[in-house]
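The structure appears below as structure tokens.
The values are calculated or read from the model by the stated rules, or taken from the named source; none is laboratory data. What you see is a predicted model; the values in this text were computed from it and never measured. Cβ placement follows ideal geometry from the backbone for every residue including glycine, while neighbour counts extend to all protein chains displayed.
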């Protein structure tokens, strides 16, 4: 009887934690679909995932502490390709489960090599090019890009102010993720997903990013077979 009670408590805690994380993922989201999205999707036979911009906002960071700021900037740079690879791996997983539309997903190593050969070394360089030019460099029909902002230790006053502006309740440690698909033919934005979630429950940034990316590649993702 005691063992059954312990097991029941464990199962309850697990389900409660899962529900909490899911509610955090869906705390706020919005999507944009191009009016001619279906036309664009029919034309896309190959796609590349670009390095994605990552911004850490640490409210504890002193403006006079250069070493901490440099460390944070390096962390942002490292996470750019980690976020890119996380998204790429998730696309491969969908493909292995026959949940991805028939298309070629360019390997991220190939993508980054081709970008470097074209003189694009970082996010700043990437932003100076038109998306259709980038697609031509990579030889793909579409591009997937994104930005993530991770806020650490936001003040309570800041959280209240942001909630008033967005009409959404924000915790003191929220993260935002924007994922977009761009047409390689004309560089137009054809789909974008924006979500806000709490960092609570995630001890590592990598796990937070994985959860955010995984939750976005559902049936609302245009390349999903059931879209």
With within 24 Å of residue 72 (Cα to Cα) and modelled with pLDDT of 90 or more as the only criterion, which of 209, 190, 150, 179 stands out? 179
Looking only at the range 95-109, filter to residues that are surrounded by fewer than 13 Cβ atoms within 10 Å (Cβ to Cβ) and under 21 Å from residue 135 (Cα atoms); which one of those is modelled with the lowest pLDDT? 102
Go through the range 116-132 and give me each residue that's free of Cβ contacts under 8 Å to residues at least 24 places away in the same chain and either in a helix (DSSP H, G or I) or out of contact with any helix residue (DSSP H, G or I) (no Cβ under 6 Å at 6 or more places or on another chain) (or both). 116, 117, 119, 121, 124, 125, 127, 128, 129
What is the one condition in (1) under 23 Å from residue 177 (Cα atoms); (2) touching a strand residue (DSSP E or B) at 6+ places or on another chain (Cβ under 8 Å); (3) part of a helix (DSSP H, G or I); (4) at pLDDT 80 or above that residue 24 does not satisfy? (4)
Kindly list the number of the only condition in (1) buried (at least 16 other Cβ atoms within 10 Å of the Cβ); (2) in contact with a strand residue (DSSP E or B) (Cβ under 7 Å, 6 or more places away or on another chain); (3) within 22 Å of residue 81 (Cβ to Cβ); (4) modelled with pLDDT under 95 that fails for residue 173. (3)
Of everything in the range 123-133 that's under 17 Å from residue 81 (Cα atoms) and surrounded by 12 or more Cβ atoms within 10 Å (Cβ to Cβ), which residue is modelled with the lowest pLDDT? 123
What tally of residues in the range 193-206 results from selecting those that are part of a helix (DSSP H, G or I) and either modelled with pLDDT of 85 or more or touching a strand residue (DSSP E or B) at 6+ places or on another chain (Cβ under 7 Å) (or both)? 1
